[in-house]
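Here is the structure we will look at, set down as structure tokens.
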Ligand code: B12
């Protein structure tokens, strides 16, 4: 989440404000109404007390290496994100918000070109850009109602607040076994955000439901990323691997990624709480031309840096960066084994990014059959490849097709 705004202070909180005509109940009602009119589908209010249990659980996860690879998640940040008083001195209430993003995939692609799936949250515009101004407007309205001494701090995803814990505390839903917040009206396909405030607002009751004996998500995860109920080893999660992870993807996990090119929804798709939910009315989250439910992978492999930026600007896909997204595209092409991808993968062997070259090599190694011409291009690429890891990937790919390939790396690179 990101700090969007800290409202100026000066006086005291609403409860102590002699001029304020609002009781915590009336203020809570006003905030809920305002949030709904701004387009939030879910709103709940909780007390801004420390998230002690979550802090200990996340610190434990960190110590076990389950969050390794996301260097910004440090013990210091975890402590801060679970401490409302440190985030906003004098904080009394947390207003948790949910915005539904589920919508139908009505796309059809009769051309039969190989495609990779995109997680639902990324089908449309970047949700940070959609939610931020609404949070600001809600904070403004709260200050207008409670008095100018009221301070607010707003968060959506990238800022230091535990979004899920805040949502659970405020009665928006409960943390399911897949670690997502499951809500009664919209299942788990909801973006979470929050306004922390010094105003005292009447709290909502906590949801007391749980997943019962259902373990569909734990069993369905393609990479066995769940260590147990509500415990994820993020380093194995396809969402982490395809979005956050910057280096090569461990070879044993590549086949398990299936056709996910950006993010993954498997643990949400199998969840009974996501069955037959109403579509999000917000146009911004509906499939965009640039992103959408699936991407043409051959097309993707042909994007240079400028084309990548121009196409995905304003969508969540920029998070993976060009090298990451093309790396993912190569893996999915390897998993799909569609021979129509071979020319694009061969071009990928000459990509400026070694991550793309090495994963294109891997993908070629996964094909059922390669022609002599293809093998020839791969051998030439091997001969001219400066990076030892890419050379190793090319050697393995060649070995998969013709037994041990000769080491041509010492020979001069001859074109034509
Ligand atoms: C880092 C991060 C990730 C990481 C790690 C996720 C993880 N589960 O640990 C990765 C990259 C893998 C990831 C993936 C996804 N993410 Co993410 N992510 C975050 C981020 C930025 C921080 C979360 C964090 O600190 N994780 C560390 C874990 C350990 O802490 P936690 O998730 O807050 O809290 C957990 C513990 O307290 C534990 N817990 C609580 N009670 C109990 C009780 C017991 C007994 C136990 C054992 C555990 C336990 O479960 C909590 C829920 O995970 C948040 C935004 C934010 N600021 O919070 C978004 C956020 C959690 N992500 C979100 C989304 C949408 C996703 C994806 C669905 C995207 C996708 N489709 O690809 C996947 C879902 C994968 C999954 N099953 O979690 C949404 C979740 C919305 C929701 N309804 O829950 C958030 C809130 C962003 C937002 N503002 O909307 N994400």
Query raised in the report: Computed FRET efficiency, Cβ-Cβ of residue 26 and residue 402, R0 60 Å: what is it to the nearest 0.05?
Result: 0.20
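If you count, for each residue, the other Cβ atoms within 10 Å and average over each peptide, how do 288-301, 72-85, 323-336 line up from highest to lowest?
Numbers: 288-301: 18.6, 72-85: 16.6, 323-336: 26.0.
The packing order, highest mean first, is 323-336, 288-301, 72-85.
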Query raised in the report: How far apart, in nm, are the 7 Å Cα→Cβ label points at residue 208 and residue 347?
Result: 6.1
Report summary line: Length gained, residue 313-residue 276, 0.36 nm per residue minus C-alpha separation, equals 10.2 nm
Report summary line: Each label sits 7 Å from Cα toward the beta-carbon; between residue 216 and residue 251 the label points are separated, in nm, by 3.6
Query raised in the report: Between residue 389 and residue 85, what FRET efficiency follows from the Cβ-Cβ distance if R0 is 45 Å, with the result rounded to 0.05?
Result: 0.45
Report summary line: Expected unfolding gain across residue 71-residue 53 under the 0.36 nm per residue rule, minus the alpha-carbon gap, is 4.2 nm
Query raised in the report: Is the shape of the stretch 33-140 rounded, prolate or oblate, going by the alpha carbon gyration tensor and its root eigenvalues a ≥ b ≥ c, with a/c under 1.5 for rounded and a/b larger than b/c for prolate?
Result: oblate
Report task. Would you mind getting me the FRET efficiency between residue 368 and residue 37? Use the beta-carbon distance for r and R0 = 41 Å, nearest 0.05. Result -> 0.10
Report task. Calculate the length of the line joining the C-alpha centroid of the stretch 209-281 to that of the stretch 109-179, in whole Å. Result -> 19
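No lab work stands behind these numbers, since they all come straight from the coordinates. Remember, it's a predicted structure, so these values are computed and weren't measured experimentally. Every residue, glycine among them, receives a Cβ derived from its backbone with ideal geometry; neighbour counts consider all protein chains shown.
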